[in-house]
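The values are calculated or read from the model by the stated rules, or taken from the named source; none is laboratory data. Note that this is a predicted model, so its numbers are computed, not measured. Ideal geometry is used to build each Cβ from the backbone, glycine not excepted, and the neighbour counts take in all protein chains shown. The area values use the complete protein model at the heavy-atom level, side chains included, leaving out ligands, DNA and RNA. Shrake-Rupley method; radii C 1.70, N 1.55, O 1.52, S 1.80 Å.
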Amino acid sequence: MHVVCRPSGNIRGRKPPPGECNQENDSDCCAEGKLYPIYRCSPTISSNTKAVLTLNSFQEGGDGGGPSACDNQYHSDDTPVVALSTGWYNKGRRCLNDIIISANGRSVRAKVVDECDSTMGCDKDQDYQPPCNNNIVDASKAVWEALGVSRDNWGEMDITWFDA
């Protein structure tokens, strides 16, 4: 059975205080008054789950914000690590487990270290960025490199993934 994941509400955007939204990796900042959908679920997981790969820095001072939720640590951009949308993160049940990401005719193994929160956003904890969509694998530079994507194409890309 294919379960559709519908939005569970909206968050109204607030303008970030000066210097509070890190736009490294072309991160979006919340727009004043704009409504952003929130999700408590993610699409059903299969042996080849479709997702959108995004770029994130898990390093201290990077656009990922604070330390990773799974281990309260920062991670080098040279390490293949990811954050998953709230539903897939599943209250931390995938923490420190590996997933296999496939795209571009290649695959890479990456460790789940964080949640890409689909239920919150536009606040200090989320670096004044909008809530994550419900189908995101937010990945370090190492993942993009392993998939052989040229730097000028980094940002968003359709992928598939499964639990390793």
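Brief remarks follow.
- Counting only protein heavy atoms and a 1.4 Å probe, the chain has 52 square angstrom of accessible area per residue.
- Whole-Å distance, taken between Cα centres, linking the range 60-86 and the range 19-50: 15 Å
- Counting 0.36 nm for each residue step from Asp163 to Arg40 and taking away their Cα separation leaves a gain of 42.3 nm.
- Bridge orientation summary for the range 29-163: considering DSSP beta bridges with both residues in this region, about 70 percent are antiparallel.
- Counting only lysines at least 8 places from Lys111 when in the same chain, those with an alpha carbon closer than 20 Å to its own are Lys50, Lys91, Lys141.
- Protein heavy-atom surface of the chain, 1.4 angstrom probe: 44% of the accessible area is carbon and sulfur, with nucleic acids and ligands not counted.
- The distance between label points at Asp125 and Arg12 comes to 2.1 nm (points 7 Å beyond Cα on the Cα→Cβ vector).
- Charged neighbours of Arg14, selected by a Cβ distance under 14 Å, balance to -2 (K, R count +1; D, E count -1).
- Expected 222 nm ellipticity per residue - DSSP helices of 4 or more, -39500 (n - 2.57), all of the chain, to 500: -1000 deg cm²/dmol
- The overall shape of the chain is oblate: from the C-alpha gyration tensor, with semi-axes ordered a ≥ b ≥ c, the ratio a/c is 1.5 or greater and a/b is no larger than b/c.
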